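**Student:** Below is the structure I would like to discuss, written out as structure tokens.
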Amino acid sequence: MLPFAPWLWVIPMIGAVLIPVVSKISGAARDYFAIVIGGITMIFALSIIPDIINGYDWFTGVALADFPTTGAHGDWAIPWISGFLNMGVLVDPLSVFMANIASGIGFLILVYSLGYMHHDPDKMRYWFFMLFFIGGMDLLVLADNLLMTFIGWEIVGLCSYGLIGFWHKHTGPSPDPRYKTEGEYNAACGMKAFITTRVGDVALLIGIIILFTYAGTFNYLELVEGGFGWVTALANGGLLLPALILLFGGPVGKSAQFPLHVWLPEAMAGPTTVSALIHAAAMVKAGVYLVARVLPIVHEAYLVLGYTEIITFFQIVSWVGIGTAFLAATMGVVKKEIKQVLAYSTISQLGYMFAALGVAGTVIESAAGYIAGTFHLIAHAIFKALLFLAAGSVLHSTNTKSMFEMGGIRKDMPWTYRTMLVGVLSLAGIPFIFAGGWSKEAILTAALQAGNILLFAIAAITAAITVFYSFRMLGITFFGNKSSYLQEMEKKGHHVHESPKVMIVPLIILAVGSIIIGVSTIPDFFGVSGWESALTVFFEELIGHHAAAEIPATNPLVLTALGTSIAMILIGFIPAYMLYIRRDGKQDTPTFKPLYTFLMNRWYINAFYYAFFVDGFIWASRGAYKYIEEAGIDRFNDVLTNGTRGFTEKFRKTHTGILSMNMLGVLIGIIIMAAAALAVLLLI
Amino acid sequence: MLPLNLLWWYLGAAAALYVIGLYALVSTRNMIKTVIAIEILIDGAHLNFIAFAATPTAGIDPIAHSIVITSIIIGGCIAAIALSLAINAYKHYGTIDIKKLRRLRE
Amino acid sequence: MIDFIFHFTMIAAMIIFGLIAIEHKNLIYSAISLAVMSVFLGIIYFILNAPYVAVFQLVIYAGAVTVLFLAAISLVTKAKGEEED
Amino acid sequence: MQLPTPAASNWMLISLLILIIGAPVVYLLGKRFEEKSGWVATAIAAIATIIFIVVAGSNILTGSPLYEVYTWNPGLLSLDFGLYADGLSTPIAAITMILTTLATLYSISYLKEEVNKHSYFALMLLYMTGMVGVILSTNLLEFFVFWELMLIPSWAMIVRWGTPGKAARAGFKYFMFTQFGSICILLAIGVTWFISFQAGSPTLNMYELTVVASSLATLAVPLYLAGFCVKMAIFPIHTWLPEAHGEAPTPVSAILSGVMIETAAYGIIRIPVNIFGFVFTDVVLFTVGSWVINVSTIIMIFAVITMIYGGVMALAQTDTKRLFAYSSVSQMGYILFGISAVTSIGLAGASLHIVTHAFGKGTLFMIAGILMTQIGHVKGRDITKLGGLASKMPITATITLIAGLSIAGTPPLAGFASEWLIFAGAAAAYHVVLLIFAVASTAVTAGYILWFIRRVFFGPQREDLADVKEAPWTMLIPVALLAFGAVLIGIFPNIILDYLIPIAQHIAPLT
């Protein structure tokens, strides 16, 4: 409702630029300035929600009003490069949801950071990147064209790079033997994240540019207009599927899907707040957002034109998603660090979202899968931020990363424990009460509805694994006896204590939020209008009236999905309870050693990438430098010069300076010329 | 007027003088002889000019004549200077053998 | 015919004296041969309708240059026993 | 193209004359006040820069290019000495003058230990004249004269003030390669004149040449391309660049990499593409299946090879200046890629990339110079001996990050604005396969830049670098201004592109 939506990304960016200036005043002023900027951004984000609820026809792209009339959100566009590109803002349900996640959760995390980053000396850099990130994320989701989305996309990547490597000065031992100190490892992790996502971005940029070449526009609304002539042109050129897959490359990189998922676990090297905001709630959702943004356009094109390449594309999306979900869940089972477990669970949950969206694209009625995917996105943003912040609270207080050095601290940190429990239950997808319950069931329903039984089965198995590792994490961290590490710390007089209020309050807000979202879905399980139908109405314009006929709660598909979901929760929970919550101080001893090693090494994918793409590439480039550049081209140049010099040196010897010799040369020349003249004469 | 077939003979004579001069330059090591060779060379060139100037097609060309006269005078100067160089070289090094003079340079 | 013979004679004489001028061991003879050659060349110039050239040829080459040569030779030639050519 | 009526004023000539006259003035003054000669040279360069930017810029903003013409040689060829600043040449000339002025300012600190400074600064002004003249000239012979004027002072500076022991060889190589290119250009200028002579209107004015398709045009274009590609250091003939840029004194490296080699790109846009554009698209060399290989495709293939090869070579370097030099090779590939697509978007992108690369690479070379002066001329350029400098030199580290990411094409920095235009230009000519390789090389770019930054600035603090201090302000101000330019152009590329795109559309043979 507040004036204009671009302020959402302009304000935090300007705030970020001002941070170095404000920090000249005092440290406290800087911290509170950042919080205020975050708060203003959140208010702006919240203020757009009523506009959306009042209805907004996305497909026709009716602008609310022209800039700068009061209340303008829609077609705010200024020419950025005249004739090519307008900078504009697109306000629709999806972008408003995403902007609220980025700004709202971002604000809570900024508040939390006041406590968490209290002692850090480099807070100026921290606030700068955090605010810049919020601005970039808002730009990404509010942009009305692909190129600006890409710009926001790269800005968040840049901030992610800056924040993962934030602690590059730490001198502790490195977790990875490739690096000497912890700081170097952190910087390397940031670089790994940037380069890996860059690979996806390359594909995305190619896809955007191909789309631009054929459609002549970057604008989402203009892509829909005009009967999808560009889709026909692409299909005739045989480029439809490649272009879509290239476009999907960006989300694969940014949302850490197989085969580019390797960067996200390393991204946990940054501060926990960063992990919570960037690597759980906001940035990694950018990929899901982009697919959700493009899906209605492409799906509509399929319905109009009927190119089967589009269906193939969505099948690829769904299989990549569910494959990643399974892959990451298995890896998460064995991890020893609390943040690593959460990282793998993030990858896994993102895979779920892609699976839902992919499934939505393969059927005519895309609404069910689409809403399941986007709803899971929102729910996950909230409970994963909660989990990370709770984990951060634990880390802050125990001063260690490994879960096995914690244990039995639920009495010392009651609020952290309670909020963490809410998060874990949400992650496990406990239906009826917690966020994540309904969306998981909806994803399963969508898979069934699409008739994709194999995908359904893998999703169900993954759900069980998810329950298992989330309770494993909870059990090892909070239950059982205190570890020897903690006991030693207590001997030194360092007791585990509850975190300050400034950290606990955001946790509670997020926990309440996830319960509210969970409870609000209760009617949906019984076929009454609840969240699902509300969302369907909400997204109706976006997904183009292709909602499924109402699925009654008694529908066997829904019941099957719900039953499977509950069964999987039990299957996952019982062993986790036996092994980790009711344990008697036992350490986690691997049962199947080969499988354990295999999972611990992340299916050897990471090692493979390092061997081939990092070390292999550097090795190859050094080899190329040595053998092609130095021994080849450079050598050739030298041979050329030396050869010329050698030849002239030899030739110089004939220049004796003796007059007789010179004259002999003249004589020979005359004779040759005479002979030539004679020959010419004779020939003529 | 010089008949055309005779022109060929004079051109041949000029070429012969030129070749003689060159041959002398190649073969001799005496500086005085070198100067003589140069003079013969120049004479060959002069003869060429005059022969052409005397042909019926070109008519008697006073420009060719004046060029040759100038050149003759220059040739005399060349001889004078070259000889004075030779004398100086002789006074300095006691020889006029160009090979020996060259060795002295090194 | 007589005309041709005269021409040939002059040319032949000139070339022969030119050869003598460069081939003779004695520098004095060389210089004198050069002078004689110049005289023949002067005659040829006369034949070729170039009287002024002939005059200059005779004055400068046959006269002045030869004198120069002789003077120079007399200055550079050593007594007996010195190397020649 | 129709040239506008010549302007009544002669500000551009004055700006050039200030530089030309300034050079001997600096030399003569410097004999007496050697320490102050740098300041005098900086002031002269700054005055010329300001005059040019104000005059040409105000004309561009009003929508009419600035054209000045003087009778040069009224003889057989009727040569005019013209200076022409339109939406394409103005930004490039402006960045050339800005970067050179800042490099001159930077040189004051860099050359603190050197002797004979006044000759250096006099040469610098001459060098600047050459580059600006190349960009502004309208006449092919005038172009060539300035082209040579650009070569000789830079060669002298490399040889005299470069890395001791290595600079002579590097300078020789630079001179020989470039001179080879110059000969090709001279030949091509001759052929161009002959073509216009055949067409009945002999002229050497590159804006008035109208050329019809002839077989001689297909001779002229390869000659021009060979000549300019040597200067641009395209793949097989690039080896002079890493040596020359690596061993030159660092401010000169910044100019060499930042603007000088781009003048060749400007030359390709202005001469072969503008005059003989049809050769690029119409001359089909052969066809592979349905893939038509024309001149444009061949150049694009070389450009892509250069992009990837330069990037891979940069990964293998352990010497900062050589790393940046190979990075320049790679970036020249981008520019040639944009040009050789001969689409209007591609040309606009390539022209913008000339400017953005000048900002980015100029900054990075000056950063290398800062490391060398603050740490040591030998040690400061060896990446393996550096580390953890971010806490010692926070400003330098920040600026390096900005400039490096701009080179790597990260929005919202300048490099991205030009790179996507280049890629979109290639896509507009439907070179999808080449496009994929080209965009993939941006990942390599990000790789070597970030790896460099990580190795030099992040990681543990090394004990032998404990007493390193932040650079003096005469070095920091230039790099900060350039980095600010990179950010500014990145956020508002339209301040250049709005005036560039109409000209690119006019030049481009393909729409």
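Values quoted throughout were computed directly from the atomic coordinates according to the rules given, and no laboratory measurement underlies them. Remember, it's a predicted structure, so these values are computed and weren't measured experimentally. In this analysis, Cβ positions are derived from the backbone assuming ideal geometry, glycine residues included, and neighbour counts consider all displayed protein chains.
**Student:** I'd like the FRET efficiency for A:Met578 and A:His494, computed as 1/(1 + (r/R0)^6) with the beta carbon distance as r and R0 of 35 Å, rounded to 0.05.
**Tutor:** That pair, A:Met578 with A:His494, gives E of 0.60.
**Student:** Which of C:Ile47, C:Leu27, D:Leu19 sits closest to the plus end of the dipole of the protein assembly as shown, meaning its Cα is farthest towards the positive end, when Lys and Arg get +1 and Asp and Glu get -1 on the C-beta?
**Tutor:** About the Cα centre, the residue reaching furthest to the positive side is C:Leu27.
**Student:** I've got another one for you. What does the charge dipole of chain A about its Cα centre add up to, to the nearest 20 debye, if the Cβ of each Lys and Arg holds +1 and the Cβ of each Asp and Glu holds -1?
**Tutor:** On the way: 38 positive and 41 negative charges, 558 e Å.
Using only the charged Cβ atoms, the result is roughly 2680 debye.
**Student:** Quick one: divide the alpha-carbon radius of gyration of the stretch D:11-507 by 2.2 N^0.38 Å and tell me what you get.
**Tutor:** Its radius of gyration relative to the 2.2 N^0.38 Å reference: 0.92.
**Student:** What per residue convex hull volume, in Å³, comes out for the stretch A:609-653 when only alpha-carbon positions are used?
**Tutor:** Enclosed volume per residue, from the Cα hull, is 31 Å³.
**Student:** May I ask you to list, by number, the DSSP H helices of chain A whose Cα span along the axis is at least 24 Å and whose average Kyte-Doolittle hydropathy reaches 0.0 or more?
**Tutor:** Result, helices passing both filters: A:27-53, A:123-142, A:146-164, A:182-215, A:285-305, A:308-334, A:338-362, A:367-398, A:453-478, A:501-520, A:556-576, A:659-683.
**Student:** Same structure, new question: Evaluate the Kirkwood expression for the hydrodynamic radius of the protein assembly as shown, namely the inverse of the mean inverse distance over all pairs of different C-alpha atoms, and round to one decimal in Å.
**Tutor:** Every distinct Cα pair counted, the radius reaches 36.6 Å.
**Student:** Within 10 Å, count the other beta carbons around each residue, average over each peptide in A:492-502, A:275-285, A:320-330, D:401-411, and list them highest first.
**Tutor:** A:275-285, D:401-411, A:320-330, A:492-502
**Student:** Out of the stretch D:160-195, which trypsin sites (Lys or Arg not before Pro) are coil in DSSP terms and have no more than 15 other C-beta atoms within 10 Å? Before the final figure, lay out each step's value.
**Tutor:** Numbers: sites: D:Arg160, D:Lys166, D:Arg169, D:Lys173; in loops: D:Lys166.
Loop-located and lightly packed - D:Lys166.
**Student:** Assigning unit charges at the beta carbon (Lys, Arg +1; Asp, Glu -1) and nothing else, what dipole magnitude in debye, to the nearest 20, does the protein assembly as shown show about its Cα centre?
**Tutor:** Values: 71 positive and 74 negative charges, 903 e Å.
Here the protein assembly as shown has a charge dipole of around 4340 debye.
**Student:** For the stretch A:327-459, rounded, prolate or oblate, judged on the Cα gyration tensor with a ≥ b ≥ c (square roots of eigenvalues), a/c < 1.5 rounded, else prolate if a/b > b/c?
**Tutor:** It comes out prolate by the Cα gyration axes.
**Student:** Taking the Cα-to-Cβ direction at A:Lys411 and at A:Lys650 and moving 7 Å from each Cα, how far apart do the two end points lie in nm?
**Tutor:** For A:Lys411 paired with A:Lys650, the spin-label model returns 9.6 nm.
**Student:** Under 1.5 on a/c is rounded, so check that first for chain C, then, if it is not, pick prolate when a/b is larger than b/c and oblate when it is not; a ≥ b ≥ c are the square roots of the alpha carbon gyration tensor eigenvalues. Could the numbers behind the result be given before it?
**Tutor:** Working: a/c = 5.39, a/b = 1.87, b/c = 2.89.
The shape class here is oblate.
**Student:** Which value results when the Cα radius of gyration for the stretch D:249-362 is divided by 2.2 N^0.38 Å?
**Tutor:** Rounded to two decimals, the normalised Rg is 1.14.
**Student:** Between the DSSP loop rule and a limit of at most 14 other Cβ atoms within 10 Å, which GluC sites (Glu not before Pro) in the stretch A:147-227 are left?
**Tutor:** Hits after loop and neighbour filter: A:Glu225.
**Student:** Work out, step by step, the length gained on full extension between D:Trp39 and D:Phe197: first 0.36 nm times the residue separation, then minus their alpha carbon distance; give nm to one decimal.
**Tutor:** Length gained, D:Trp39 through D:Phe197: 52.0 nm.
**Student:** Then there is this: Counting each DSSP H run of 4 or more residues in the protein assembly as shown as -39500 (n - 2.57), what helix-only mean residue ellipticity at 222 nm follows after dividing by all residues, to the nearest 500 deg cm²/dmol?
**Tutor:** Counting only the DSSP helices, I get -23000 deg cm²/dmol.
**Student:** Would you mind checking the stretch A:628-667 for residues with the amide N under 18 Å from a putative spin-label position 7 Å along Cα→C-beta of B:Leu11?
**Tutor:** No residue passes the distance filter.
**Student:** With each label point set 7 Å from Cα along the Cα-Cβ vector, what nm distance links C:Ile5 and C:Asn49?
**Tutor:** Result for the modelled spin labels: 2.6 nm.
**Student:** Could you name the lysines in cross-link range of D:Lys36, using Cα to Cα under 18 Å and dropping any fewer than eight places away on the same chain?
**Tutor:** D:Lys112, D:Lys117
**Student:** First check a/c for the stretch A:616-679, with a ≥ b ≥ c the square roots of the eigenvalues of its C-alpha gyration tensor; if it is under 1.5, answer rounded, and if not, answer prolate when a/b is larger than b/c or oblate otherwise.
**Tutor:** Details: a/c = 12.06, a/b = 3.08, b/c = 3.91.
Cα axes put the stretch A:616-679 in the oblate bin.
**Student:** Where the centroid of each part is defined by its Cα atoms, how far is the stretch D:330-408 from the stretch A:508-523 in Å?
**Tutor:** Going from one Cα centre to the other spans 50 Å.
**Student:** Among A:Gln449, A:Phe314, A:Ile19, whose Cα sits farthest toward the positive end of the charge dipole of chain A (+1 at Cβ of Lys/Arg, -1 at Cβ of Asp/Glu, about the Cα centre)?
**Tutor:** A:Ile19
**Student:** Quote the relative contact order of chain C in percent (integer), defining contacts as alpha-carbon pairs under 8 Å separated by 6+ residues.
**Tutor:** Computed over chain C, the figure is 26 percent.
**Student:** Same structure again: Expressed as a fraction of 2.2 N^0.38 Å, the rule-of-thumb size for a compact globular protein of N residues, what is the C-alpha radius of gyration of chain A?
**Tutor:** 1.17
**Student:** Explain nothing, just the number: relative contact order of chain A, from Cα pairs under 8 Å at least 6 residues apart, as a whole percent. Before the final figure, lay out the partial values.
**Tutor:** Details: 1110 pairs, mean separation 78.1, N = 684.
Dividing the mean separation by the residue count of chain A yields 11 percent.
**Student:** Which residues' amide hydrogens lie under 5 Å from the amide hydrogen of A:Val89, considering only partners 5 or more residues apart or on another chain, with H built in the peptide plane?
**Tutor:** Under 5 Å from the amide H of A:Val89: A:Trp76, A:Asp144.
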